[in-house]
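Before any comments, here is the structure.
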Amino acid sequence: MKKLIRLSKSSLSNIEKKLVIEVLDEEFLGMGKYVDIFENKLRKYFNREVVCTSSGTSALQMALQAYGITKNHEVIVTSLTYIATIQAISATGAMPIFCDIDEDSLTINPEEIEKLITKKTRAIVPVHYSGGVGKLDKIYNIAKKHKLIVIEDAAHSFGGYYKNKKIGTTGETACFSFDGIKNITSGEGGCVVSSNKKVIEKIKDIRLLGVKGDSENRFNQKRSWEFDVDEQGWRYHMSNIMAAIGIGQLSRLNEFAINRRKIANLYDIEMKRIGCEFIKHNYNKILPHIYVIKLPIEIDRDYVRKKMEENNIQTGIHYYPNHYLTKYKNSKIKKLNVTEKVYKQILTLPLHNDLNNNEIMRITKTLEKIINESRSNNNNN
Ligand SMILES: *Cc1c(COP(=O)(O)O)cnc(C)c1O
């Protein structure tokens, strides 16, 4: 049996390992100096205020909360996203309102957004699917016209650029994830990037159970003993161990960018050859998180996945539409034609920093063979 090719994985070097050992040796594992350092490095990277969090999900939830999103509010979002986006919205008490997507980018379709706006609508959460931001300008224009907040779910897009600015800095507030398989990881973790100082200050307290000023104390390796709380908080801070991994990963961003782009470019050539080309990204600008193809309509995706698995190649589906889930089924759903159609055809191929050219060719050759077999099976039936 050939070596297993994983769909995604972390890529950890001696840089991260050394930093983690440093934290272990200091025996201060919680939120302290290393989180302060990581936050400062991210602040420099974005040239904006940053708050580190326990996950991308908690970053989104706290950002929504900091903007006052709460029950009886509606938040417009795509259905083709990780459940995290949707649960972050419903955690605030607000209702996710599912909007259809553009078939070429799988990001929210601005033309559909306006049809969903009601008196209760407060925010739009665009998801930068696979790394690209879609029609972000149009989304901001609609938001401005209807006085809505935009919070970008930038979990897929760390390291990318939009209009020659870093993704996450072209609007007001964006949330990133540093979970194990994202463009950079801090083990688990995430951050909120915002130009809105009030929002940042609020989240700094919310992440530490609402304890006012506790972030500064912890960065000085202290704790708050007598304090005030004026808002629901959560235990959503980042730990020193996580930050140590994050610091190491951020220093390797250039390596990750080169490798991820190289892999995606090679896939593009191969997919064009076998007729599965799909999202057209400019890889000089964005840093791809996942590589998604659209199978020809007559090909059975589950058959392809099964055969790839038999060849020891993992594949994925990004994502099972959230409006199919029991918890979210009953929200006011219009038919999402593009989402429902495209979901059946999408397939995610392996993409991570440590994939080599031979493995990419093994993946694409195997896929080609399976598609051809599937076609001849169809013809024989
Ligand atoms: C990973 C991810 C999140 C959540 O991030 P976690 O760090 O796993 O909580 C949110 N949205 C999208 C689109 C993601 O891929």
Q | Pairs with Cβ under 7 Å, 6+ apart, first in segment 175-192 and in contact (Cβ under 8 Å) with a residue 12 or more places away in the chain and more than 7 Å from the ligand (Cβ to nearest atom), second among the hydroxyl-bearing types (Ser, Thr, Tyr) and part of a strand (DSSP E or B) | A | CYS191/THR53; VAL192/THR53; VAL192/THR173
Q.
Any residue in segment 55-71 that is within 23 Å of ALA243 (Cα to Cα) sitting within a Cβ distance under 7 Å of a residue that is near the ligand (Cβ under 9 Å from one of its atoms) and assigned to a loop (DSSP other than H, G, I, E, B)? List the pairs, counting only those 6 or more apart or interchain.
A. SER55/ASP179; SER55/GLU188; SER55/GLY189; GLY56/ALA155; GLY56/ASP179
Q: Return yes or no: is GLY134 buried (at least 20 other Cβ atoms within 10 Å of the Cβ) and either part of a loop (DSSP other than H, G, I, E, B) or of a type outside the set (A, V, I, L, M, F, W, C) (or both)?
A: yes
Q: Pick out the one residue from MET242, MET238 that is part of a loop (DSSP other than H, G, I, E, B), at pLDDT 95 or above and under 28 Å from ILE15 (Cβ atoms).
A: MET238
Q. Which residue out of GLU114, GLU152 is in contact with a helix residue (DSSP H, G or I) (Cβ under 8 Å, 6 or more places away or on another chain), farther than 19 Å from THR169 by Cα and among the charged types (D, E, K, R)?
A. GLU114
(Q) For segment 28-76, give me the residue count where each residue is more than 21 Å from the chain's Cα centre (by Cα) and of a type in the set (Ser, Thr, Tyr). (A) 2
Q) Counting only residues that are among the small types (Gly, Ala, Ser) and within 19 Å of GLN87 (Cα to Cα), which one in segment 135-174 is farthest from the ligand (Cβ to nearest atom)? A) ALA174
Q.
I need the full set of residues from segment 291-337 which are over 30 Å from LEU355 (Cβ atoms) and hydrophobic (A, V, I, L, M, F, W, C), in order please.
A. LEU325, ILE333, LEU336
Q.
Report every pair of residues separated by at least 6 positions or lying on different chains whose Cβ atoms are under 8 Å apart, first residue within segment 214-240 and farther than 20 Å from GLY187 by Cβ and touching a residue at least 60 places away in the same chain (Cβ under 8 Å), second hydrophobic (A, V, I, L, M, F, W, C) and surrounded by fewer than 21 Cβ atoms within 10 Å (Cβ to Cβ).
A. GLN221/PHE28
Q) Inside segment 47-62, can you point out the residues that are out of contact with any strand residue (DSSP E or B) (no Cβ under 7 Å at 6 or more places or on another chain) and either away from the ligand (no atom under 12 Å from the Cβ) or acidic (Asp, Glu) (or both)? A) ASN47
Q: Test TYR267 against the stated conditions and say whether it is modelled with pLDDT of 95 or more, within 30 Å of LEU42 (Cα to Cα) and either part of a helix (DSSP H, G or I) or under 24 Å from the mean Cα position of the chain (by Cα) (or both).
A: no
Q: Working only within segment 112-134, note down all residues that are more than 16 Å from the ligand (Cβ to nearest atom) and either closer than 22 Å to MET62 by Cα or of a type in the set (A, V, I, L, M) (or both).
A: ILE113, LEU116, ILE117, LYS120, THR121, ARG122
Q. Which residue pairs have Cβ atoms closer than 8 Å, lie 6 or more positions apart in sequence or on different chains, and pair a first residue in segment 125-148 that is basic (Lys, Arg) with a second residue that is in a helix (DSSP H, G or I) and surrounded by fewer than 24 Cβ atoms within 10 Å (Cβ to Cβ)?
A. LYS135/PRO110; LYS138/PRO110
Q.
Which residue is farthest from the ligand (Cβ to nearest atom), if the candidates are limited to segment 74-86 and must be buried (at least 20 other Cβ atoms within 10 Å of the Cβ) and not hydroxyl-bearing (Ser, Thr, Tyr)?
A. GLU74
Q. Name the pairs whose Cβ atoms lie under 7 Å apart, with the first residue in segment 1-19 and more than 12 Å from ILE181 (Cβ to Cβ), the second acidic (Asp, Glu), and 6 or more positions between them or separate chains?
A. ILE5/GLU359
(Q) Taking the criterion of being part of a helix (DSSP H, G or I), free of Cβ contacts under 8 Å to residues at least 24 places away in the same chain and under 25 Å from the mean Cα position of the chain (by Cα), would at least one residue in segment 287-304 satisfy it? (A) yes
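Select, from ILE89, ILE97, ILE108, the only residue that is in contact (Cβ under 8 Å) with a residue 40 or more places away in the chain and either under 13 Å from the mean Cα position of the chain (by Cα) or more than 9 Å from the ligand (Cβ to nearest atom) (or both). I'd like the intermediate steps shown before the answer.
On the way: ILE89 fails: in contact (Cβ under 8 Å) with a residue 40 or more places away in the chain; ILE108 fails: in contact (Cβ under 8 Å) with a residue 40 or more places away in the chain.
Residue meeting the stated conditions: ILE97.
The values are calculated or read from the model by the stated rules, or taken from the named source; none is laboratory data. Here the structure is a predicted model, which is why all the values come from computation and not from measurement. Glycine gets a Cβ as well: all are built from the backbone with ideal geometry, and neighbour counts include every protein chain shown.
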